[in-house]
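Have a look at the structure below before the remarks.
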Amino acid sequence: DTAVSQTPKYLVTQMGNDKSIKCEQNLGHDTMYWYKQDSKKFLKIMFSYNNKELIINETVPNRFSPKSPDKAHLNLHINSLELGDSAVYFCASSQTANTGELFFGEGSRLTVL
Amino acid sequence: GQQVMQIPQYQHVQEGEDFTTYCNSSTTLSNIQWYKQRPGGHPVFLIQLVKSGEVKKQKRLTFQFGEAKKNSSLHITATQTTDVGTYFCAGSSNDYKLSFGAGTTVTVRA
């Protein structure tokens with residue numbers, strides 16, 4: 001079983017559309033994250049939730065809205081997609097908010113045309 | 001805010017040679033982690049260092065955490081083709097945020 005799974009793996013869409021990426025972890029972790037990896041491979045944290053509570057909210061356009069229905073799920077909804085949103089989005093989890101390793105999902109490659 | 005700088009950005013290595021990637025922080029870190037991302041893959045955790053001056057080894061990989069807890073290094077000996085990928089350091093202070101370095105992308109010449 002995949003520890004951190006995210007869907008879809010690939011997403012190609014037009015500018016202005018709205019899209020969602022879903023993430024689930026079966027590790028029993030308390031904390032989940034969304035990272036954005038650009039074409040230069042730079043990994044930048046976007047959001048983090050600890051037990052469904054938002055604890056990290058970096059400077060991200062408010063077109064990006066995370067939702068955590070329970071601590072095993074963290075979804076990312078993006079409104080009015082722009083060309084610059086094209087990237088690989090990684091979901092990750094960790095046991096608690098300030099300990100130990102991150103377990104990453106396989107990534108969702110978003111291409112905005 | 002906290003920044004983690006990593007050099008070099010690219011490392012082209014002859015198979016069998018050694019190389020080192022370096023990580024520096026503008027602030028004192030509570031811990032530092034290292035990850036490896038294979039081409040087309042996702043970052044995978046390698047190790048975490050917590051103590052000042054700590055050195056840990058994993059087979060051909062040696063990880064160090066500086067005395068001041070502001071820098072770290074990863075040294076790989078006798079590079080193999082399986083070492084290809086991007087190596088990231090990531091550091092955190094006390095604010096839950098893990099800041100990633102820009103990564104060192106390693107290619108190996110057989």
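A few points about this structure:
- Qualifying residue in segment B:51-72 (condition: more than 19 Å from A:ALA92 (Cβ to Cβ) and within 12 Å of another protein chain (Cβ to nearest Cβ)): no
- Single condition B:LYS97 does not satisfy, out of (1) among the charged types (D, E, K, R); (2) modelled with pLDDT of 95 or more; (3) surrounded by 14 or more Cβ atoms within 10 Å (Cβ to Cβ): (2)
- Selected residue [open to solvent by 60 Å² or more (accessible area, probe 1.4 Å) and either within 10 Å of the chain's Cα centre (by Cα) or closer than 30 Å to B:GLN9 by Cβ (or both)] from A:SER20, A:SER39, A:SER93, A:SER108: A:SER39
- Here segment B:89-110 is the region considered, the condition is being more than 8 Å from chain A (Cβ to nearest Cβ) and not in a strand (DSSP E or B), and the residue that is nearest to the chain's Cα centre (by Cα) is B:GLY101.
- Here A:MET32, A:MET15 are screened, and the one residue that is open to solvent by 40 Å² or more (accessible area, probe 1.4 Å) and of a type in the set (A, V, I, L, M) is A:MET15.
- Among all positions in segment A:47-58, there is no residue which is small (Gly, Ala, Ser), more than 14 Å from chain B (Cβ to nearest Cβ), open to solvent by less than 40 Å² (accessible area, probe 1.4 Å) and not in a loop (DSSP other than H, G, I, E, B).
- When we screen A:ASN98, A:ASN50, A:ASN62 for residues that are out of contact with any strand residue (DSSP E or B) (no Cβ under 9 Å at 6 or more places or on another chain) and modelled with pLDDT under 95, the only hit is A:ASN62.
- Scanning segment B:34-76 for residues that are of a type in the set (S, T, N, Q) and open to solvent by 50 Å² or more (accessible area, probe 1.4 Å) yields B:SER52, B:GLN58, B:GLN64, B:ASN71.
- In segment A:1-29, the residues that are acidic (Asp, Glu) and modelled with pLDDT under 95: A:ASP1
The values are calculated or read from the model by the stated rules, or taken from the named source; none is laboratory data. All figures in this text were calculated on a predicted structure; none of them were measured in a lab. All Cβ positions, glycine included, derive from the backbone under ideal geometry; neighbour counts span all protein chains shown. Please note that ligands, DNA and RNA were not included when accessible areas were found on the heavy atoms of the full protein model with its side chains. Shrake-Rupley method; radii C 1.70, N 1.55, O 1.52, S 1.80 Å.
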